[in-house]
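Working notes, structure below.
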Protein chains: 4
Amino acid sequence: MQVTFTAAVAGASGYAGGELLRLLLAHPQIEIGALTAHASAGQRLGAHQPHLLPLADRVLEPTGVEALAGHDVVFLALPHGASGEVTAALAAAGSDAIVLDCGADHRLTDAAAWEQFYGSPHAGAWPYGLPELIVDGARQRDTLRTAREIAVPGCNVTAVTLALQPGVAAGVVDPADVVAVLAVGYSGAGKSAKTHLLAAEALGSLAPYAVGGTHRHVPEVEQNLRAAGAAEVRLSFTPVLVPTSRGILATVTAPLAPGASAATVRAAWEDAYADEPFVHLLPEGTWPTTAMVTGANTAAVQVAVDERAGRVVALCAIDNLVKGTAGAAVQSMNLALGLPETTGLTTVGVAP
Amino acid sequence: MQVTFTAAVAGASGYAGGELLRLLLAHPQIEIGALTAHASAGQRLGAHQPHLLPLADRVLEPTGVEALAGHDVVFLALPHGASGEVTAALAAAGSDAIVLDCGADHRLTDAAAWEQFYGSPHAGAWPYGLPELIVDGARQRDTLRTAREIAVPGCNVTAVTLALQPGVAAGVVDPADVVAVLAVGYSGAGKSAKTHLLAAEALGSLAPYAVGGTHRHVPEVEQNLRAAGAAEVRLSFTPVLVPTSRGILATVTAPLAPGASAATVRAAWEDAYADEPFVHLLPEGTWPTTAMVTGANTAAVQVAVDERAGRVVALCAIDNLVKGTAGAAVQSMNLALGLPETTGLTTVGVAP
Amino acid sequence: MQVTFTAAVAGASGYAGGELLRLLLAHPQIEIGALTAHASAGQRLGAHQPHLLPLADRVLEPTGVEALAGHDVVFLALPHGASGEVTAALAAAGSDAIVLDCGADHRLTDAAAWEQFYGSPHAGAWPYGLPELIVDGARQRDTLRTAREIAVPGCNVTAVTLALQPGVAAGVVDPADVVAVLAVGYSGAGKSAKTHLLAAEALGSLAPYAVGGTHRHVPEVEQNLRAAGAAEVRLSFTPVLVPTSRGILATVTAPLAPGASAATVRAAWEDAYADEPFVHLLPEGTWPTTAMVTGANTAAVQVAVDERAGRVVALCAIDNLVKGTAGAAVQSMNLALGLPETTGLTTVGVAP
Amino acid sequence: MQVTFTAAVAGASGYAGGELLRLLLAHPQIEIGALTAHASAGQRLGAHQPHLLPLADRVLEPTGVEALAGHDVVFLALPHGASGEVTAALAAAGSDAIVLDCGADHRLTDAAAWEQFYGSPHAGAWPYGLPELIVDGARQRDTLRTAREIAVPGCNVTAVTLALQPGVAAGVVDPADVVAVLAVGYSGAGKSAKTHLLAAEALGSLAPYAVGGTHRHVPEVEQNLRAAGAAEVRLSFTPVLVPTSRGILATVTAPLAPGASAATVRAAWEDAYADEPFVHLLPEGTWPTTAMVTGANTAAVQVAVDERAGRVVALCAIDNLVKGTAGAAVQSMNLALGLPETTGLTTVGVAP
């Protein structure tokens, strides 16, 4: 006998919502319940997510407690700032659903950092949905097994964290001077129509943004690296939009710590990820690409030591919509439901 | 009356050769002479460069002194290692042509660095074809005015150098810990058919290579930054292939030097490029994209100070085939011929 | 209890082989056996198919009966002309495997057409692996249930056939003047390194090929439309390579038959595909895109009547590697093994 | 001594306006005057067209007679329906400028067709700005030499017309059953932010639209082919958006006329374009690509006879923003100003 849980998705017309549904359709123990939207309420899902054929004729309901109550799991794929009201309403209605917020609202524990980077009052932190995060030598998955509210990480944050945390935890890199540059695809920017996100603008162009440490993912990476053991973190973070829909390729460098060597660096990464089902350390001398993880919940990682520069170079490729968002949410949900962590998730990419 | 010079292009069937011809067709004082190739000798140029309609019926001659002698200018767009023989044969034949080598053979002054990164004997250095390079407070263009042999810079090198050199020359950044990550298009990898360069592999993928300080452009950047005034240079350098044909977007960071500030940084970049016709410092708060320089000889540059990270972030966008290769060659040729430096070159990009 | 079958893949290093493995990994009743290659024999699969993480350490064996014998199913993803020898050797070795050939060798029943378009002796026809093909009012799946050797259709052929066959079978279009133009992605051209398939050539370019009726898929489409009921078929067929890795969008027009109307046309398509699990006729007024079928075994179809032009316009979007190749092979295998036709296959695309 | 004319551009913030300015910057006899916009009036041009460096600091004025009066030439790159008011105001103000409308308002001579396809009152036809159009055996350029108001053709129309008109004029194809399928880039859809034009939607997708004869360019093609000599035109027209910014590749087929042959077809195309500076008939057996015309005012054309299908296949590749819009406008302007037709325009593409 197999237990089945019901799951609702709020924000089902967007990219994160669509990807959640794609993964949930493949999950053997989830029954998809209510699908909600804001402006698109009343429309067929097929008008927004034509690739989800089995759900094409489902009708979007207005986002609210009427639709969302009564499920075992509620995924929130809403604009930043919108999750608080929904969560409060669910609680008031007596819902005991596990709530997973794909937005940023509950990721940061530091209220001051929240207010500095988001410019709004802090809504408080929820358990952080990165099972592989090293926390004081243990892993975040232990916390997630008992969580009822989970903050799904930012996609860029996941890539940078998974790239570098083994070195931080093992003390073989110096986290006080981290430089991260990310080539990122356009689906990470969401489905709102903006001129600079048009195909005609994007094709043939490479376009940095949020340069100079202003990206909202900066304090979230810092928080993670501190969890992994960093006394002080300083992070230079630059994302560059490149013409692909999915994918993040993070190049993260940090100074080699005194006494560390190529061997101790390799060992740190191997030890950190030897037992991780979704983080794959590549054979030495091969580099991760986003093609190898498209559609999969895999983070492909590699590390090299540049003796000449005195820096460790760590690379991580993820699909921003899977391991970067929806896959991370499902993985965390599995933990919170007491299911095997890998249920319904794949490490097989869609390439070429 | 307008003087006209004749120019030959060796390696006319490749990407660099094609771009040289595209630019020379627009140059009012150049008459295109012999076009040579190796495997494709005897074929119509139109079979290899169908976009160069006015030259479609020109026939490729074998690369050698028979074809190349007798011109005022000879451009070499050959594989690394091939320029020595051609140059010697031209000299032996009494040619007094200005020779511009788009290959790497004569870029490095340090024989040991050459041998370490290229694994072959050093062929000696030629004057370096980056007119904007700061050399002991002056500019490299002064040297180029009397040069007869010119080494055209590597495309990635040009992007990194132009991004960062103002800060090095002004002493507002610390060149001992430079980190450069470049998103680069596929035309920079050349026209040889290799599996990892196939469209099916590239589309939808982000693919780093030469990670860990092994890229041959590393010592060339170091050489340039030392010319600009760095006592010690350490460079972490990672290129990432992204799905576009043309374009390099270099993100270059270095620690803010003690005593430097956002104001002194801004001033350094403004001073360095105020009079440069082909380096465009963008208005504050706007970021360079490769779309704005496609087809143009422009380097679009921006700089920001990340106080939180303690680093200066300098960005440079170029078209790797123009300012990165063929445009730089023509610009240097103009100087060597005594023509206005901007003759036949444009700062207007082809966008979107 | 669930029966499991073993499957070998010959040609596992190429695109079709890789996609077969991707699908077989998701198939609940297949155990993946030998993987073979020619030039890459002896290498790790991960060196060629890094996205297939669970198989990364499997070693490629030389293609031949030693490796391939002893399986329940053998997939051949070999260059045209190579399947005959392997099949004969398997038979000689007493293999009773179901053999599915993804190459062209056994698709055509007409030896003269084979020799005209392929220029080599005809190897004979195998049952044709398009379950949805209308054959004298029935479907090809009936034949496939007892087949032991199956010829997997060409990818372009599948798109054109599924687009138009309902109209041919119902007599509402005139198959004597069919025009098909296909926008096709680069993975359909295979993994061999050729200059015109380079990313630098493909990005930003739209490139027709095999213009004027010379494409080898022409006689195969004609064969299918005759099967569907056409007395005479004339087909103008033009493929255009466009910068995407996966996907075929076929635009197929034919004259509206005398007496036919928008209503009878709609009815023909609805009737033909009402019960097909993998052919999805879209709601009226919406158009298929390849994004909606990426990674899925779906053919998304639409039809419209252009009264002004007197033509029916039928559109079909498929993923050339799935419904166009590997998915069709698995679907046919399911039938031949007596499994439910949809086992292990999805209709959910990976988008955006 | 060289005469200079002043030109204003209304709608300078959009794609057509930007491309006009790119071409006018290279035109030796044009001085760029007022630049106007609607919502963006008051802003720097550089905020909208950062690739036009020499004009970056020019300020956009409100579109109206105040800004536009007093020029020799006025280009209108406005939404459909907006040109009438501006033109009337210019006339009322005594302007004798040559006005070139890049919008559709004055392209169609048939008021009924206008009203059917555009749903608004017909504004009347202006001389049609396709100099190469065959009109009763002569060319449209003769008309343009004396025109003061010129309707610039639609980009798709130009591609289809130039592909097929030689056959129509020579009577070697039957224009009563033309089928045109176009692969088109995203810049043709304009710069307005719409969800289906987002990069995340476009990348990896092939997306038809306006299927079934509803595209507004249909009656315009028909008008052109009638001008070229067709008694009756029937046109099936399907555009497919593909992931590139610039470029149209039109595949146009029509039945081979009775008595016509491969030789008479070839001769028709050769005769039609032998003297055309911007239409390039490729050598037999080679196919046009959009890469070869990117940034150039060239139409690359090829024709083949498919004896098996009984159809002529004509292909045309253009850059939709150059020969499809802005280049056509400048070419027509040259004629109207009495300048050599090719002034300031290039046939050299930017490739790869």
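Taking all C-alpha pairs of segment D:145-249, those more than 20 Å from each other amount to 45 percent. Over all orientations, segment B:36-121 has a Cα convex hull whose mean projected area works out to 6.7 square nanometres.
Sorted on the mean count of surrounding Cβ atoms within 10 Å across their residues, most packed first, peptides A:324-334, D:35-45 read A:324-334, D:35-45. With N the number of residues in segment A:156-321, Rg(Cα) / (2.2 N^0.38 Å) evaluates to 1.03. The mean count of C-beta atoms from other chains within 10 Å of the C-beta of residues in B:210-221, rounded to a whole number, is 4.
Taking every residue in D:279-292, how many Cβ atoms of other protein chains lie within 10 Å of its Cβ, on average? Intermediate results must be reported in sequence, preceding the final value.
Numbers: counts 0, 3, 0, 4, 6, 0, 2, 4, 9, 5, 13, 6, 11, 9.
Whole-number average of other-chain Cβ neighbours for D:279-292 is 5.
Between copies, B:GLU85 shows label-point distances of 3.7, 7.0, 7.5 nm, shortest first, with the point placed 7 angstrom from Cα along Cα to C-beta. Model label sites at C:GLU66 and A:HIS80, defined 7 Å from Cα along the beta-carbon direction, differ in position by 6.1 nm. Residues of segment D:83-97 with the amide nitrogen closer than 13 Å to a label point 7 Å from the Cα of D:SER120, along Cα-to-Cβ, please. Under cut-off, by backbone N: D:83-87. The separation of segment A:110-176 from segment B:249-313, counted between C-alpha centres, amounts to 32 Å.
With the convex hull drawn around the C-alpha atoms of segment A:79-119, the volume per residue stands at 78 Å³. The order of B:TRP269, A:TRP126, D:TRP287 by accessible area, most exposed first and with a 1.4 Å probe, is D:TRP287, A:TRP126, B:TRP269.
The apolar share of the surface of the protein assembly as shown, taken as the fraction of accessible area on carbon and sulfur atoms (1.4 Å probe, ligands and nucleic acids excluded), comes to 52 percent.
Quotient of the Cα radius of gyration of the protein assembly as shown and 2.2 N^0.38 Å, N being its number of residues: 0.90. What separates the A:ASP136 label point from its copies, with the point 7 Å along Cα to Cβ, is 6.1, 7.7, 9.3 nm, written shortest first. Label-point spacing at A:SER120 relative to the other copies reads 3.9, 5.9, 6.3 nm, in ascending order, each point sitting 7 Å out from Cα along Cα→Cβ. Near the amide H of A:LYS191, within less than 5 Å, lie the amide hydrogens of A:TYR15, all on another chain or at least 5 residues away, with H placed in the peptide plane.
A Cβ-based charge dipole, computed about the Cα centre of chain C with Lys and Arg at +1 and Asp and Glu at -1, lands at about 640 debye. In the distance distribution for chain B, Cα-Cα pairs more than 27 Å apart total 43 percent.
The C-alpha radius of gyration of segment C:142-192, expressed as a fraction of 2.2 N^0.38 Å, stands at 1.50. The C-alpha atoms of segment A:89-225 occupy a region whose extents along the principal axes are 48, 46, 25 Å, arranged from largest to smallest. Taking amide H atoms as placed 1.01 Å from N in the peptide plane, the amide H of A:VAL279 lies under 5 Å from those of A:ALA299, each 5 or more residues away in sequence or on another chain. Label zone (B:THR264, point 7 Å along Cα-to-C-beta; backbone nitrogen cut-off 19 Å) within segment B:137-176: B:137, B:164-176. Between B and C, buried accessible area summed over both sides at probe 1.4 Å, in Å² to the nearest 100? Using a 1.4 Å probe, the pair buries roughly 1400 Å².
Database remark: amide H of B:PHE5 closer than 5 angstrom to the amide H of B:ILE30, B:GLU31 (H placed geometrically; neighbours at sequence offset of 5 or more, or on other chains; Pro and chain starts carry no H).
Using θ = phi - 60° in the Karplus curve 6.51 cos²θ - 1.76 cosθ + 1.60, the 3J(HN,Hα) couplings for segment B:32-46 round to 7, x, 5, 10, 10, 8, 9, 5, 9, 4, x, 9, 5, 4, x Hz; x is entered for Gly and Pro.
Along segment A:110-116 the Karplus relation, 6.51 cos²θ - 1.76 cosθ + 1.60 evaluated at θ = phi - 60°, assigns HN-Hα couplings of 8, 4, 5, 5, 4, 5, 5 Hz to successive residues, with x for each Gly and Pro. Across the cross-link table entries B:LYS194/B:LYS323; C:LYS194/C:LYS323; B:LYS191/C:LYS323; B:LYS191/C:LYS191; A:LYS191/B:LYS323; B:LYS191/B:LYS323, which are compared at the Cα atoms, the separations over 28 Å belong to B:LYS191/C:LYS323; A:LYS191/B:LYS323. Each residue of segment B:47-63 is assigned a 3J(HN,Hα), and the resulting list reads 6, 10, 10, x, 7, 9, 3, x, 10, 4, 8, 5, 9, 6, 9, x, 5 Hz, derived from the Karplus form 6.51 cos²θ - 1.76 cosθ + 1.60 (θ = phi - 60°), x at Gly and Pro. When the helices in chain D are scored as -39500 (n - 2.57) per DSSP H run of 4 or longer and the sum is shared across all residues, what 222 nm value do you end up with, to the nearest 500 deg cm²/dmol? Calculated mean residue ellipticity at 222 nm is -7000 deg cm²/dmol.
Remark: chain A carries 31 Å² of accessible area per residue (probe radius 1.4 Å; ligands, DNA and RNA excluded). Neighbours of A:PRO277, meaning other residues whose beta-carbon lies under 13 angstrom from its beta-carbon, give a summed charge of -1 when Lys and Arg score +1 and Asp and Glu score -1. Legend: residues in segment A:133-178 shielded by at least 30 square angstrom of accessible surface upon adding the remaining protein chains to the isolated chain (1.4 Å probe, heavy atoms) are A:ASP177.
The values are calculated or read from the model by the stated rules, or taken from the named source; none is laboratory data. The structure displayed is predicted, hence computed values, not measured ones. Note that each Cβ is placed from the backbone with ideal geometry, even for glycine, and that neighbours are counted across all protein chains shown. Heavy atoms of the whole protein, side chains included, go into the accessibility calculation; ligands, DNA and RNA do not. Shrake-Rupley method; radii C 1.70, N 1.55, O 1.52, S 1.80 Å.
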